[in-house]
Every structure is written in structure tokens, then in C-alpha cells.
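Report on one structure; see the data block that follows.
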């Protein structure tokens, strides 16, 4: 009975997260249309570019652009309703993130904390804003949470694969991925029984290596031009940068 009630709570919180994003409908912001255009050009056979014939990597979220393309392909291709597709993907992603938060809380012995955290994420104004805005944030958080959850359950190969995918969704995933890499490196150096296997290393390194090679051969660099531009424009003093990090 108690287990059945727990599953009902999980189900309701996931539905809550999806509902509070679907009800207001798409309120797409301008940045999202950049990714939409990359996806549309890919479906039109022009490659993952903003302008056809110009091999410039401007998007920082190639994985999200590919996901949009996969979702749009069977329902209109480049003419599909991208704002609605993005909203649907993001709503489901946030619902699944709530589920992971609930299960993580249960795993560490604090199920009530997991429930509270899941509810807070479901109704978080900023989370809802990014989801209905069409950006990749919801998918990014889901992938990153998935990696952390898999790591907590000692499923290290899927954790490594999801960590790689998080970097292909947003480069600032490094903030979470670097500590995980540090922990795994220590287990390797100390020759502990759970040190990284070859499969775990390949699961993390191979997707990044493949994208790096594609980026170098097609664009001249796997680093998005927008990242290099922002590094110049938003060059904050160290103290100001730390404050901005803490604010997020």
C-alpha cells in the first residue's frame, strides 16, 4: 500500500511539472529561434548551419538541435511547429527530472526531501520560463541529473555517456562534469576496485571525440563562435564572475 502511494505521488508530481508548462503554451524567446534554424537547415539538407552554404558553428547546443530535428522530421520537417515541439520536449524533460529528484531522495534515505525538491522543480518559475521559452535548459538539466543519478547508483557507463551528452547540450556542464572526472581519476590513480573501465572511458570520450572531429573538419573548430564572442564581450573581473556563478 505504501509503495503504491509512493508511485502515485511520483506520477502526480510528474504530471504537475508537465501541466504547468503546457498550460501557458509556447512563449518562445529569440535565442531559441537560432537553434530552430539550425535544425531546419539540417532537415533541408543544408547541414547543421544557420545560413545555407556557411559552415559556421554558432549554436552551443548541437545535441538539442539534433533532438529537435528528430522530433520535427515526422511531423512536417523544417515546416513543423518548432515552438510547440520544443515545449513538448521540455515539459517531458522537466517531468522526468522531477522523477529523478524523487528517486534520488529515496536512494539517499530522505524520500520526503526528494518529494519537496521534485515539487519545487515542477513549479519553479525560472524552470517554467526556460521550458516555455524553447531553450535547451530543461533537456540539459535532465541529462545532467541523469548522469548524477546513474553515478549515485554505481551505473558508471551510462553516467559517463550522459556526462558527455550534457557537454554537447551546454558547455557549462563542465561545472558538474569536472568534479566527477576528478573523482574517477582519483579512483584510477589509487587503483581502487571500481576504477574506470575501458567501456566507461569510451562512453565519455567517444561522443566528444566524434563531435570534435566533425566540428574540426566541417566548421574548422568544435568550439562555437558564440562562445568565443561571449568570452570577449562578457569578460568579467574574477570577483564579479564568482558572484554571478553563486547567483545561478
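What follows draws every value from the coordinates through simple rules; no lab data is involved. Since this is a predicted model, take the numbers as computed values, not measurements. Because the Cβ atoms are built from the backbone with ideal geometry, glycine has one as well, and the counts that use them run over all protein chains shown.
This structure gives semi-axes √(5λ) of the Cα gyration tensor in Å, computed directly, and of (i) 28, 20, 16; (ii) 34, 26, 16; (iii) 30, 26, 18 that value is listed as (iii).
Counting other beta carbons within 10 Å of each residue's own, what order do 223, 175, 85 fall into, fewest first? Present the calculation step by step, with values, prior to reporting the outcome.
Working: 223 16, 175 12, 85 22.
Arranged by neighbour count, lowest to highest, 223, 175, 85 become 175, 223, 85.
Each of the peptides 208-215, 154-161 was scored by the mean count of other Cβ atoms within 10 Å over its residues; in descending order, highest first, they stand as 154-161, 208-215.
The modelled label-to-label distance between residue 221 and residue 188, using points 7 Å beyond Cα along the C-beta direction, is 2.7 nm. Using the Cβ-Cβ distance between residue 30 and residue 8 with R0 set to 45 Å, the FRET efficiency from 1/(1 + (r/R0)^6) comes to roughly 0.65.
What is the extension gain from residue 71 to residue 201, computed as 0.36 nm multiplied by their sequence separation minus the C-alpha to C-alpha distance, in nm to one decimal?
Working: separation 130, 0.36 × 130 = 46.80 nm, distance 2.97 nm.
Contour length minus the Cα-Cα distance gives 43.8 nm.
Counting only C-alpha contacts under 8 Å and six or more residues apart, can you give the relative contact order of the stretch 100-184 as a whole percent? If you can, show how the numbers build up before the last one.
Details: 63 pairs, mean separation 15.5, N = 85.
Dividing the mean separation by the residue count of the stretch 100-184 yields 18 percent.
Sorted ascending by nearby beta carbons within 10 Å, beginning with the fewest, 99, 206 become 206, 99.
Gain in length, residue 116 to residue 54, computed as 0.36 nm per residue apart minus the alpha-carbon separation, to one decimal in nm? Intermediate values should be presented prior to the final figure.
Numbers: separation 62, 0.36 × 62 = 22.32 nm, distance 4.77 nm.
That works out to 17.6 nm of additional length.
List 30, 94, 172 from most exposed to least, where exposure is judged by having the fewest other Cβ atoms within 10 Å.
Numbers: 30 8, 94 27, 172 15.
Exposure proxy ranking, most exposed first: 30, 172, 94.
Between residue 154 and residue 44, the modelled labels are 5.2 nm apart [label points 7 Å from Cα along Cα→Cβ].
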